[in-house]
Structures are given as C-alpha cells and as structure tokens.
Amino acid sequence: MAELVTGVTFGGTVWTPSYVNDLNQRTCIGCGRCFKVCPRDVFDLVEKDEALDPEDFDDDYGDFEDDDDNSMVMSIKNADDCIGCEACSRVCPKSCFTHQHKEAA
C-alpha cells in the first residue's frame with residue numbers, strides 16, 4: 001500500500017491533508033464562501049454561462065438563462081496550490097467539493 005502525504009500539527013498530531021479535486025458547478029450557488037476562506041487562491045468566481053452549458057441541466061433545474069440572482073459559480077483556478085485543509089468543504093452550504101489524499105513521492 002502506498003504511503004500518503006502527511007503533516008504534523010503544532011501540537012504534534014499527525015494530519016493527512018485531503019486536496020480539492022472537483023467542484024460541482026451544477027450545485028454551486030456562487031456564494032463565495034470557499035473563495036473567502038481559501039488561504040491559497042485556489043478558486044475563482046466565474047460567470048455561470050461561461051462555466052456551464054444550459055443543455056446539461058434537466059427540466060427540474062429551472063430557467064437557466066433568466067437566473068439573474070445566481071449568475072456566478074465558483075471554479076477551480078489553481079488546484080496545484082491547494083494545501084489540503086478542506087476549509088472550502090467546511091463552509092460550503094451545498095457540499096460542492098470532493099477531495100482526495102495524495103500519495104507520497
């Protein structure tokens with residue numbers, strides 16, 4: 001079994017970071033909480049119509065083009081800068097993020 005990247009907290013506890021590897025833009029409401037809490041500039045707020053194809057949504061989603069209240073969604077701008085703290089997941093009201101551990105080199 002491969003060994004995972006681990007760190008140690010100031011108190012000496014071993015900690016395994018879990019890095020962001022996906023963001024579900026279909027469920028994202030563009031609130032910006034993850035953007036504000038991220039210490040490494042991993043995310044970017046983008047126009048919904050640039051990030052998503054309206055035809056990807058089924059009829060239950062509603063009128064995509066006329067959704068003026070939610071015209072922005074978050075995107076992953078630089079996943080390589082993620083430190084694995086998972087703060088984005090903890091503040092996301094829609095559980096948009098998935099994370100993964102990384103194997104040690």
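Which one of these does residue 61 not meet: (1) modelled with pLDDT under 95; (2) aromatic (Phe, Trp, Tyr); (3) touching a Leu at 6+ places or on another chain (Cβ under 9 Å)?
(3)
Somewhere in the range 72-79, is a residue in a loop (DSSP other than H, G, I, E, B) and at pLDDT 95 or above? Spell out how you get there, then give the answer.
If we filter the range 72-79 for residues that are in a loop (DSSP other than H, G, I, E, B), which is where we start, we get 77-78.
Okay, now just the ones that are also at pLDDT 95 or above, so 77-78.
Yes, the range 72-79 contains at least one residue that is in a loop (DSSP other than H, G, I, E, B) and at pLDDT 95 or above.
The values are calculated or read from the model by the stated rules, or taken from the named source; none is laboratory data. Please read all numbers here as calculations on a predicted model, not as lab measurements. Here the Cβ is made from the backbone with ideal geometry for all residues, glycine too, and neighbour counts use every protein chain on show.
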